[in-house]
Amino acid sequence: MLQLGHDVAPGADLAFHTAIGGQANFANGITELAATGSNVIVDDIIYFAEPMFQDGIIAQAVDQVVADGASYFSSAGNNGRDSYESAFNPSSVVAGTAEFHDFDPGAGVDILQSITVPVGTQFIASFQWDSPFFSVSGGAGSPNNLGIFLLNESGTNVLTSSNFNNIGNDPVETLRFENNGSFGTDQFNLAILNFEGPNPDLLKYVLFGNAAINEYDTNSSTTYGHANAAGAEAVGAAFYLQTPEFGVDPAQIEGFSSAGGTPILFNTNGDRLLEPEVRQKPEITAPDGTNNTFFGGDRDGDGFPNFSGTSAAAPHAAAVAA
């Protein structure tokens, strides 16, 4: 990212702080960069457990430095519209005290959602619902406890799950799965259950990696967390050869570039807003697929590696600001 920034703005002074080490370290890094004189800040990191419907500590740090005069750019993400969202639809199908979510929006009932995970690939699903985060607001935290499960193709066996006790904690589950070839298929099913508490008015998961939703796909927003902060410029990506400079007008968005529209439902005190706040995200698009010295494949055939993704678009935009 610094290479791309230097290419566009070679006279700019450069500074770096890692975003690795947890959300608190990321937030502290943002404020430390601003405190030491960085007035244009850019990142390309997301933590899967960043709140979707509330501004977490990283988003709050972004808003703080922007209020103090800095400009902040963040990659919108590379998840396209690989997201499902819905109200929790009671199915009347129970497992013990837990009730399954009904994926079928019509008169039928379907407690399983078919997905494809190609052999040799893996995916992560960040699953959340409309309850306040204890880690953001303190107080009572989540009043409900949901879980997300991955089952085999026939829906008879649970292969993996994320089902921590969310009561009084954060309304987030992170499901991870790798199809190592031992299952003999690339077809699987997702299930969502409410174990305790009120049914959510909105639940949502965003897919990272190599999974495709086969049915009941809502093609929903995938930009969330601090890139969705009011003060952040979320940056989408267009391959540089698909821009007006190279004869394509308007520029063509990369198919993987994340879509915005994730609503903010709670303030930082955990109070539900009177109306959802839907922020205009991404605000801008910048080029990706340009040269660097070491990262990525040779996408344009000029003998140099090409850095692709919104991770490359964001530093281009930040360098223009610089």
Do you know which residues across the range 258-281 are open to solvent by less than 40 Å² (accessible area, probe 1.4 Å) and touching a helix residue (DSSP H, G or I) at 6+ places or on another chain (Cβ under 8 Å)? S258, G260, T262, I264, F266, G270, R279, K281
Hey, could you check the range 215-249 for residues that are of a type in the set (S, T, Y) and over 14 Å from the mean Cα position of the chain (by Cα) and say which is nearest to D102 (Cα to Cα)? Y216
Across the range 229-257, what is the number of residues that are open to solvent by less than 10 Å² (accessible area, probe 1.4 Å), touching a strand residue (DSSP E or B) at 6+ places or on another chain (Cβ under 7 Å) and not in a strand (DSSP E or B)? 1
Just to be sure, is G141 surrounded by fewer than 19 Cβ atoms within 10 Å (Cβ to Cβ), closer than 30 Å to G270 by Cα and not basic (K, R)? no
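Regarding the range 53-61, can at least one residue be identified that is of a type in the set (A, V, I, L, M, F, W, C) and over 30 Å from A321 (Cα atoms)?
Within the range 53-61 (the criterion being of a type in the set (A, V, I, L, M, F, W, C) and over 30 Å from A321 (Cα atoms)), the answer is no, since none of the residues qualifies.
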Any chance E153 is of a type in the set (D, E) and more than 18 Å from the chain's Cα centre (by Cα): yes
List every residue pair whose Cβ atoms sit under 7 Å apart, with the two residues 6 or more apart in sequence or on different chains, where the first one lies in the range 1-27 and is touching a residue at least 40 places away in the same chain (Cβ under 8 Å) and within 26 Å of G289 (Cβ to Cβ) and the second, anywhere, is hydroxyl-bearing (S, T, Y) and in a loop (DSSP other than H, G, I, E, B). Q3/T293
Of the residues that make up the range 112-128, is at least one over 18 Å from L207 (Cβ atoms), open to solvent by less than 40 Å² (accessible area, probe 1.4 Å) and either out of contact with any helix residue (DSSP H, G or I) (no Cβ under 8 Å at 6 or more places or on another chain) or among the small types (G, A, S) (or both)? no
Across the range 305-322, what is the total count of residues that are open to solvent by less than 40 Å² (accessible area, probe 1.4 Å) and assigned to a loop (DSSP other than H, G, I, E, B)? 2
Would you say V119 is β-branched (V, I, T) and either over 19 Å from the mean Cα position of the chain (by Cα) or assigned to a loop (DSSP other than H, G, I, E, B) (or both)? yes
Being under 24 Å from the mean Cα position of the chain (by Cα), open to solvent by 50 Å² or more (accessible area, probe 1.4 Å) and of a type in the set (A, V, I, L, M) is the requirement here; does V109 meet it? no
Return the residue satisfying two criteria in turn: it lies in the range 282-299 and is assigned to a loop (DSSP other than H, G, I, E, B) and under 25 Å from the mean Cα position of the chain (by Cα), and of such residues it is surrounded by the fewest Cβ atoms within 10 Å (Cβ to Cβ). G297
Is it the case, given these coordinates, that D302 is acidic (D, E), open to solvent by less than 70 Å² (accessible area, probe 1.4 Å) and at pLDDT 95 or above? yes
Mind listing whichever residues of the range 88-99 are farther than 14 Å from E196 by Cβ and either of a type in the set (F, W, Y) or open to solvent by less than 40 Å² (accessible area, probe 1.4 Å) (or both)? S91
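The values are calculated or read from the model by the stated rules, or taken from the named source; none is laboratory data. In this text, all values refer to a predicted model and were calculated from it rather than measured experimentally. Note that each Cβ is placed from the backbone with ideal geometry, even for glycine, and that neighbours are counted across all protein chains shown. Note: areas computed on protein heavy atoms with side chains; ligands, DNA, RNA excluded. Shrake-Rupley method; radii C 1.70, N 1.55, O 1.52, S 1.80 Å.
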